[in-house]
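I have placed the structure first, in the form of structure tokens, so that the comments after it can refer back to it.
The values are calculated or read from the model by the stated rules, or taken from the named source; none is laboratory data. Fair warning: this is a prediction, and the values are worked out from it, not measured in the lab. Note that we place each Cβ from the backbone using ideal geometry, even for glycine, and neighbour counts take in every protein chain shown. Each accessible area value is taken on the protein alone, full model and side chains, heavy atoms only, with ligands, DNA and RNA left out. Shrake-Rupley method; radii C 1.70, N 1.55, O 1.52, S 1.80 Å.
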Amino acid sequence: MNTKTFLIIVICLSIIQSCKTTKTSVKSDATDIEAVYVCQNGKEKRIIGEDSKISIEANKFSVRFNNKPYNAQNEERYSAQVTAFLNKEELLKIKSGMPKSETNCFTPGTGMAPNQSGRYEYLIFGNDRHHYLVYKNSESKRLKLLNKSNHFMTLEFEIDGVYYNGKEEKMATTDLGEFYLAILIDRNLNGIIDKGELKKITIRIK
């Protein structure tokens with residue numbers, strides 16, 4: 001094999017390896033963007049799959065995810081919609097492939113307004129409503145901005161207490177042993193619960 005032929009082979013192998021690396025990186029980035037975590041005491045538990053079970057302590061916790069900023073003027077209404085259920089049967093009614101308009105809790109008009117502070121002071125339970133979690137700018141209170149990279153932000157919904165059956169409780173003193181969360185992030189804004197956009201979580205309190 002002469003020197004010229006050897007150099008051509010080396011260049012071709014380098015190009016092939018570069019393509020493989022690029023493809024893998026893109027896939028990894030997409031997976032990270034879709035990641036949702038339940039966080040408590042400085043530890044993250046990643047939600048794997050559409051239907052997961054997570055155990056937490058009787059203490060405040062948060063839900064962490066990635067999304068784009070909300071901009072109504074540009075029709076970019078990026079949000080995370082979070083519904084809390086006491087009954088698992090309600091959770092099972094929500095499935096990938098459904099239009100949001102066919103659900104009880106994610107249809108337009110079912111988003112709850114925050115209180116006067118601009119925050120959701122409690123995780124509010126209800127089968128026909130959701131926490132409408134958007135981040136507009138530094139004055140936004142519904143979500144905490146943790147990080148910003150390119151077009152995406154890492155955001156956190158902090159939960160210190162719960163409201164259900166007409167009573168308010170701190171997470172540290174709640175009587176709840178188990179409850180259920182449906183988390184929807186409609187990343188392409190098409191009004192459909194596409195694969196990867198829905199997380200259903202069973203939360204068990206130790």
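Once the chain from S117 to L86 is taken as fully extended at 0.36 nm per residue, the excess over their C-alpha distance is 8.6 nm. Are any of the pairs K141/K206; K45/K206; K100/K195 more than 20 Å apart by Cα-Cα distance, and if so, which? Violating the 20 Å limit, Cα to Cα: K141/K206. Between E178 and K95, the modelled label-to-label distance comes to 2.2 nm, taking each label 7 Å out from Cα in the direction of the beta carbon. Taking the charge dipole of the stretch 110-206 about its Cα centre, with +1 at Lys and Arg Cβ atoms and -1 at Asp and Glu Cβ atoms, the residue from L123, I205, N137 reaching farthest to the positive side is N137. FRET efficiency for the pair S149 and N104, taken as 1/(1 + (r/R0)^6) with r the Cβ-Cβ distance and R0 = 45 Å, rounds to 0.80. Within the shell of other residues whose beta carbon sits under 13 angstrom from the beta carbon of K144, the net charge comes to +2, with Lys and Arg scored +1 and Asp and Glu -1.
Write down the accessible area per residue of the stretch 108-156 in Å², having rolled a 1.4 Å probe over the full set of protein chains.
Ligands and nucleic acids excluded, the result is 60 Å² per residue.
At full extension, I48 and K170 could sit 41.2 nm farther apart than now, given 0.36 nm per residue minus the alpha carbon distance. Each label point was placed 7 Å from the Cα along the Cα-to-Cβ direction; for E76 and R204 their separation is 4.2 nm.
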